[in-house]
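Accompanying notes for the structure given below.
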Amino acid sequence: MKSFVGEYTPKYPLSVRPMAEIKGYPVRPGDFTSYGATVTPVGVNFTIHTHHGTFCELLLYHRGEEEPYVVLPFPEEYKIGDVYSMLVFGLDIEDFEYAYRIDGPYDPKQGLLFDRNRVLLDPYARAVAGQHIWGEHKSGNYRARVVRDTFDWGDMPQSKQNLCDLVIYELHVRGFTQHASSGVQYPGTFAGLMEKIPYLKELGVNAVELMPIFEFDEEINAREVNGRRLLEYWGYSTVAFFAPNSAYVSEKGRNREGYELKQLIKALHDNGIEVILDVVFNHTAEGNEHGPSFCFKGIDNSIYYMLTPDGNYYNFSGCGNTLNCNNPVVQQMILECLRHWTISYRVDGFRFDLASILGRNEDGSPLAQPPLLRNLAYDPILSRVKLIAEAWDAGGLYQVGSFPASRRWAEWNGRYRDALRGYLKGDAWQSWDAAYSICGSPDLYGGGTEEMDNYRGDYDGLNSCVNFITCHDGFTMYDLYSYNEKHNEINGWDNTDGHNDNRSWNCGVEGETDDPEVLKLRFRMIRNACALLMCSRGTPMFLAGDEFGNTQYGNNNCYCQDNEFSWLDWSLLEKNRDLFEFFKYMIAFRRNHRVIRERLPRAVCGMDEMHIHPPDGELVDIPRDAKIFSASFAGYDAQKGRDDLVYVTVNTHWESIPITLPRVWGRVGWHLYVNTNGDGQGRYCYSETEAPFIEHEFIVPARSVAVFVGTHY
């Protein structure tokens, strides 16, 4: 290293003039607080930290070349604490890619795996090179690119919608439009999804939850099974947390990575649709002792991963390793990552995969007050984003209803899924669980009624639970009523993968059938599920394609299927148009009845806010094995200037059952707005002039849902 101190005539401002030259490149100590690689007016600032590492060097590559054109070691004086930082002058970000090599002790039993020859990806990389073409095997090492952010968000305000006002639509960016039937110009991409925004608006959803879009390598565990190439299709093995998946981009955006995603998010926001990202901070793509080492293992293995006393990996994720989330260094990275996506991409919320891992200590034990969860809950930048936990992990820590909420976290309500699936198919002994779930799970979250204890503050039963019956992990709604058993043979694991407890029912025939009676029953069961989901307190979420009967042919674990088993078949939209119209109607019905979504002032007619009823609507208790029950919601809607009264009845028996509706003070009459068994395709009405008037009694058909609206007359 050649020093310029006292002898260099700068062509740069004095405050940022080079201090030395390394291998012909002017350099100086960089900004130690800005991790990653950032553009400055005079060059590029590179900052990385390692606690146990003893030496670090920067590798610069020309595009597409396997060997670096220059290696710049960080001088010892360019290190403060554990942080190396160097500003390299005159670099053209369009001309290079970069990586690191770090040296240090090698002692696997102590979790130290340093190797001076191993090329390492920047953990704060904003873009990863060589990942643009989906399904193409990538040779060589992962390398990063520097990104210049030129996107103009204008004066777009941050959304202020409550979680309970959302209807969440979970989708896979590639699978949503990859099928030829999608009819988009750019299938399988962010741009392809953007082309479908008019469809999302017509359906009525106001939030999309995107399965992982952080950079992942679909080829990392690629294999052949019976002539079919299987990939890491879902994307739950992260390569780079700060970088968007470049294979989801329609055109190469070198040094502008993320631009197309930002266009998509802005277009969704312009159309009133929020964006929630499914994020995976529980493990990485580096796997276990036999997995690759391309980033965290080589930078600080014992810091970033939970290790057993003999230096092996705890596997609470089921994917080989577990991130050491409550180590202060890892906490800081996760916090900065979420801030990055909130500020640079204007994301509205995050769903945390296997979030119970985020509450484990460094030895794997659960923490009562996990510092990471508290830091995320109270961070000023994240104060308005939705934080949604998948409140369990693969190590057996199940926290639905007990996730450390810090008055900010919501949860995927696994109890709702299990109870509603079981009850709808006829497991009458689950009636209490199903009833509680429809009422917002007040036994889990509080806030079910005004009198109930609300230990979560603003995040009560209205905003604490995300209700779902289907999601990416499991059967589609159509398959839920077409298969008694999972059929995952094509995954190559002898049908041992995927959940066995599906609580599904094939309606009499396993799989595809032309039997009109079986098909009629299947679609009625789907309508039942949709109607209850949209008439439950909490936030409804459903899987993309459920609204038109998309199928995965009985595969309940399509994580590796990049083909017609996972892609949405849009031809089913026209084939099953009646089902789509029903979903569309129920979403609009929910939006039109605030009493389902939120607590309103007491109804003028005197009805209580919420109750569960047996067939006699005057009573408010049901037996443990009720084949039928009703849920009533009542309140005064000041926006409409009248009471909002909704009465939802579900009959899971194979026979019709008569009910009597509540007699309410103030001459309230009931109109039947929804009958999932009506006219074979289900009957629904848009106004009380269309809806049949039900004076007091109604016979609820077998295996159906009826929804009544009360009006003063």
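The values are calculated or read from the model by the stated rules, or taken from the named source; none is laboratory data. The shown structure was predicted, so the numbers you read here are calculated from the model rather than taken from an experiment. Glycine also receives a Cβ, built like all others from the backbone with ideal geometry; neighbour counts cover every protein chain displayed. When the accessible area is computed, the model is the full protein with side chains, heavy atoms only, and any ligands, DNA or RNA have been set aside. Shrake-Rupley method; radii C 1.70, N 1.55, O 1.52, S 1.80 Å.
Observations on the structure shown:
- Long-range tail of P(r) for the stretch 127-247 (Cα pairs > 21 Å, %): 52 percent
- Within the accessible area of the chain (1.4 Å probe), percent carbon and sulfur: 49 percent
- Equivalent ellipsoid of the stretch 312-441: semi-axes from √(5λ) of the C-alpha gyration tensor, largest first, are 29, 19, 12 Å.
- Between 532, 478, 561, the Cα set farthest toward the positive side of the dipole of the chain (charges on each charged residue's Cβ, about the Cα centre) is that of 532.
- Legend: calculated FRET efficiency, residue 332 to residue 501, from the Cβ-Cβ distance at R0 = 41 Å, rounded to 0.05, equals 0.60.
- Compactness of the stretch 496-599, expressed as Rg and Dmax over alpha-carbon positions, Å: 15.3, 45
- Placing R0 at 22 angstrom, the Cβ-Cβ distance between residue 693 and residue 591 gives a FRET efficiency of 0.40 after rounding to 0.05.
- Cα-based equivalent ellipsoid of the chain: semi-axis lengths in Å, sorted from largest, via gyration tensor: 51, 26, 23
- At q = 0.10 Å⁻¹, base-10 log of I(q)/I(0) for the stretch 614-713 (Debye sum, equal scatterers on each alpha carbon): -0.26
- All-pairs alpha carbon distance profile, the stretch 208-311, 10 Å steps from 0, percent: 13, 35, 32, 16, 4, 0
- With q set to 0.21 Å⁻¹, the log10 of I(q)/I(0) for the stretch 545-663, from the Debye formula over equal scatterers at the Cα positions, is -1.08.
- Cα centroid of the stretch 322-339 to Cα centroid of the stretch 467-546, whole Å: 36 Å
- Packing-based ranking, highest mean first, of 596-605, 480-489 given that Cβ atoms within 10 Å are counted: 480-489, 596-605
- At an R0 of 45 angstrom, the distance between the Cβ atoms of residue 39 and residue 223 translates into a FRET efficiency of 0.70.
- Virtual spin-label span in nm between residue 378 and residue 513, 7 Å along Cα→Cβ: 5.7 nm
- Per residue, the convex hull volume that the Cα atoms of the stretch 34-128 enclose (Å³): 105 Å³
- Heavy-atom accessible area per residue - the chain, 1.4 Å, Å²: 37 Å²
- Considering helices alone, the calculated mean residue ellipticity of the chain at 222 nm is -5500 deg cm²/dmol, with DSSP H runs of length four and up weighted by -39500 (n - 2.57) and normalised per residue.
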